[in-house]
Amino acid sequence: MTLLAPLERIVRARIAAALTASCLLLAACASPALHDADQLALEGRHEQALALLDEAQARDPADHALQAARQRQLELTISVLANQAASARAGGRTDIARDFLARLEALAPSHPRTVSLRDELQRDARHERLLAQADQALAAGQFDEAQATLREILIESPGLPAARALQQRIAERLPASHPSGTARGLSDKPITLEFHDAPLRSVFESVGRTAGVNFVFDKDVRADNRVTVLLHDVTLDEALRVVLSTQQLDRKMLNATTMLIYPDTGPKQQEHQELVTRSFYLTNADTKQAQALIKTMAKTRDIFVDDRLNLIVVRDTPEVVQMIERLIASLDLPEPEVTLEVQVMEIGTNLLDALGLQWPDTVNFGVPNFAGNITPGDRRSLTASVINPALVATLNGSSGSTNLIANPKLRARNHEKAKVQIGERLPVFTSSAVANVGTTTAVSYIDTGLLLEVEPSVQLNNDVIIKVNLDVTNLIGQVTGPQGSIAYSVGTRNANTSLRLHDGETQILAGLINDEDTKAIQGIPGASDLPIIGRLFGVHTDTRKKTEIVLLITPRVVRNIGLPDAATLSGTGGSYANPGAASTRIRAGTSMAMPAGRGARQAAAAPDADAAAAPARDDGEAIVDLTTTGKANVGGMVSVTLRNRSAATVQGQLGFDATLVQSAGVDKSDPAPFKLDPMGQKVFILRVLPGSAGKTTQVQVDGLSATDNGGRSVPVRLEGDAGVEILGS
C-alpha cells in the first residue's frame, strides 16, 4: 500500500492536467461562438445568432455555457418573432403574420407562443369566412342569420373592428325593416287581423291554416278565452306578440313553422323556457361590478364569478343572455389614461446688508506683559487696553437667487392617484426610560422637500379634472432636547385644489410665498440705535429672504373611453318580470285598434308560406286563389282565404248564405267587399249558425276586377274550391 500511494497521486495529477487542458481548449473554441452570437443579437439578427449557437453546440454538446446561451437566445428569438407577428396581425397583415408563424414553427413548434399564434390565425381565418357569410346575409335581408353569425364572432373576439362595423350596419338597417325579437320562420308580409268575440283555439287554427304555422298548446291554455282585436298591416310575428301579451300567454319556437303556446306564468316559464350558458372573460371591468350590474339589470340569479380568471359565467334564457352581452360590452371598456407634465420651481432670493463700526466688547485693565504678583506700589503702572484693532469697520453686502426645478412626467389611470416626492428624510431620536430596563432610544423620520399628489379624471370631451395636493417642507433649524435627543424645526407650505383643463392646456399655480425680513444691530447701547449716525457706534445688519413655489401642470390624454356603437348602448330590456323579452311594440306605419274587453277575435288575413314563396304573375292576367277550411262544426269557425297571385290590384265582394253562416268580423255586411294588393291576401272568418248541421254551403265571389300599376284594367280569374261542409255540433 505504501508503494501504490505515490503512483496513484501521479496518475490523478496527470488526469487533472488533461481535463484542465481540455476545458481550456473547449473554452477557446466556444468563446468565439458566444461573442459572435452576442454581436448578431445586438444587430437584431436573432435567427442567425441562434443558428450559430446550434452549430457550436453540435460540435461540443457537453458545453454548459453554450447550452445556457443557446436557450437564452431561443427564448429571445421566439419573443421577437411572436411580437412581430402580433403587430402584423393587429394591423390586418395576415400574410406577414403567417410568415412569422412558419419561422416560429421551424424553431419551436410546440412552444406556447407558437401554439397560441397558430390558434389565433386559424380563428382569424374562420372569422373572415363568418364575416363574409354575415355580410351576404345582410345584403339579402336575412337579418336573423346575419345577427346569429355575427354573435358567434363577437363571443370569441368582442373587440374585432370588422365585426363591430358589421354590427353597426345591421343596427342601422334593422329597426326600419326587421324589429328586434322577431321569431324566425314567420312571414314579414303585412297582414290584417280582425277577430271579434271568437274562441282562442279557433282563432289560432284559422291563422295556422292560412299562414302555414303549426300551433301546439300547453294543457293549461284555456281555449275558451275570448278577445277582441283589430290589427291592420302588421306582420304575423307582431300580431302574435300583441295577442299573446293581452292573453297572458307566451310562445316557444319548436322549429321554423311550429310554435308552442303556454301560459306566461313563473312555473310555466321554468318548464318550457330553454336556458343557455355564456362565459364572459373580462378584460378591463371588475368582476364584482359586472356581477352587480347583471343582477340589477337582468335579474339573473344563476351567475358564477372567478376573480382569478376575471371570468363571469351566467345561465339564463337566450334573450336575457343577449341583453347581458350588451351590458358587458358597455362596461368592459379600457380606462382612460393621461400623462401629466409637471414643472415645480422654487424661486428664492437672499439679500444681506451689513454696515457700521464694530466697537470692542471688553476693556482690559492691568500691567501689560507682567508675570507674577502685583504689589501696591505697582498701581501707578496699571493701564487700560483693548484688543487690537480697537475698531472694525464692517461693509458687507450679498444677494442670491435660487431656482430649484423638478420636472416629472406622470402617466396615471383614471381616478387613480399619482405621487412624486423629492427631498430627504431627517432622523429624529427619542429617548425614553423604562423601569428595570434602562433607557431606550427610538428613531423616527421627518420628510422634507416636495410632495406632489395628483388624481386625474378624464372626461369624454378630453377635459381633465385634476385634484392637486402640493406640500413643500423645509428645514429651519435643529433643536437638542433632554438627554441629548435631537428634533428639528421645519416650515411647511401646502396647497390643495381641483382644476379642469383641456387636453394640452397648461395651468400655473403660484403664490406660495415665504417672506422673512430680519434687522439686527450690534454696537454701543443707545448710541447705535440713533438714526443715520448710529452706524458709527455699531453694525446694522439687514437680512431679507423670500421664496416662492410655482407649479405648472399640463395634461395630455393618452387614451379616452372608446364608446361602443349605439346597438350596444341601447336596446329593448323586456319587462320587469321578464327581462330581455321581445317588445310588443309594432313597427312604425302600422295601424292598430284594440277594443277593450275580454275574449274572442275578429277576422284574419295572413300570408301562406307557399304563396309567399311563389313568384308574382305579370303576364297580363290576375289570378285569385280561394280556399276554405272545408269542414266546420255548428258554432265553429270557417276560414275563407283569398290570395292574389299577380302584380295587379284586385277588388271584389265575398258572398255567403246568411241563413247558415255569419261573418265573425265587425263588418256584418253581406256581401263583404275586399281589396287585394299585389301578392296580398285577405282572410274572412265565418261563424256557423245553429240549425245548419248536415248542410253544405258555397262561398261566392262576385264583382271581381283587377288593375295593373298603370291603372289599366286586366282580366282576372278565380281558382279554388269554395264548398263548406257543416258537421254536427
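The values are calculated or read from the model by the stated rules, or taken from the named source; none is laboratory data. All figures in this text were calculated on a predicted structure; none of them were measured in a lab. Note that we place each Cβ from the backbone using ideal geometry, even for glycine, and neighbour counts take in every protein chain shown. These accessible areas exclude ligands, DNA and RNA; they are computed on the full protein's heavy atoms, side chains included. Shrake-Rupley method; radii C 1.70, N 1.55, O 1.52, S 1.80 Å.
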So which residues in the stretch 104-134 are outside any helix (DSSP H, G or I) and either open to solvent by 50 Å² or more (accessible area, probe 1.4 Å) or among the small types (Gly, Ala, Ser) (or both)?
108, 109, 110
Test: residue in the stretch 63-72 that is free of Cβ contacts under 8 Å to residues at least 12 places away in the same chain and under 33 Å from the mean Cα position of the chain (by Cα):
no
Residue ID - farthest from residue 464 (Cα to Cα), chosen from residues in the stretch 306-339 that are surrounded by fewer than 16 Cβ atoms within 10 Å (Cβ to Cβ) and either in contact with a Gly (Cβ under 6 Å, 6 or more places away or on another chain) or of a type in the set (A, V, I, L, M) (or both)
313
For residue 248, only one of the following conditions fails: (1) on the phi > 0 side of the Ramachandran plot; (2) modelled with pLDDT under 85; (3) among the polar types (S, T, N, Q). What is its number?
(2)
Residues of the stretch 439-469 satisfying the condition of being farther than 20 Å from residue 496 by Cβ and within 40 Å of the chain's Cα centre (by Cα)
458, 459, 460, 461, 462, 463
What is the residue count in the stretch 204-263 for residues that are part of a helix (DSSP H, G or I) and small (Gly, Ala, Ser)?
5
Counting just the residues of the stretch 711-729 that are in a loop (DSSP other than H, G, I, E, B) and among the small types (Gly, Ala, Ser), which one comes out least open to solvent (accessible area, probe 1.4 Å)?
722
Pick from the stretch 668-710 the residues that are among the hydroxyl-bearing types (Ser, Thr, Tyr) and part of a strand (DSSP E or B): which of them is surrounded by the fewest Cβ atoms within 10 Å (Cβ to Cβ)?
696
Among the listed residues 174, 166, identify the single one that is surrounded by 17 or more Cβ atoms within 10 Å (Cβ to Cβ), modelled with pLDDT of 80 or more and within 24 Å of residue 333 (Cβ to Cβ).
166
Restricting to the stretch 455-468, what's the tally of residues that are open to solvent by 50 Å² or more (accessible area, probe 1.4 Å) and farther than 12 Å from residue 557 by Cα?
1
Condition test on residue 659, is it over 19 Å from residue 211 (Cα atoms), modelled with pLDDT of 80 or more and open to solvent by 10 Å² or more (accessible area, probe 1.4 Å)?
yes
Options 101, 24, 76, 34; residue that is farther than 30 Å from residue 127 by Cα, in a helix (DSSP H, G or I) and at pLDDT 85 or above
76
Residue within the stretch 536-549 that is open to solvent by 50 Å² or more (accessible area, probe 1.4 Å), in a loop (DSSP other than H, G, I, E, B), more than 30 Å from residue 330 (Cβ to Cβ) and modelled with pLDDT under 80 present:
yes
Of the residues 142, 147, which single one is over 24 Å from residue 283 (Cα atoms) and surrounded by 15 or more Cβ atoms within 10 Å (Cβ to Cβ)?
142
Are any of the residues in the stretch 401-421 among the β-branched types (Val, Ile, Thr) and modelled with pLDDT of 80 or more?
yes
Looking at (1) free of Cβ contacts under 8 Å to residues at least 40 places away in the same chain; (2) surrounded by 13 or more Cβ atoms within 10 Å (Cβ to Cβ); (3) in contact with a strand residue (DSSP E or B) (Cβ under 8 Å, 6 or more places away or on another chain); (4) hydroxyl-bearing (Ser, Thr, Tyr), which is the one condition that is false for residue 265?
(3)
Cross-chain or 6+ apart pairs with Cβ under 6 Å, the stretch 404-429 first and in contact (Cβ under 8 Å) with a residue 24 or more places away in the chain and open to solvent by 60 Å² or more (accessible area, probe 1.4 Å), then part of a strand (DSSP E or B) and of a type in the set (Gly, Ala, Ser):
415/457; 422/406; 422/449; 423/449
Residue pairs within 6 Å by beta carbon, gap of at least six or interchain, first lying in the stretch 229-249 and in contact (Cβ under 8 Å) with a residue 40 or more places away in the chain, second of a type in the set (Lys, Arg) and in a strand (DSSP E or B), listed first then second, are 229/601
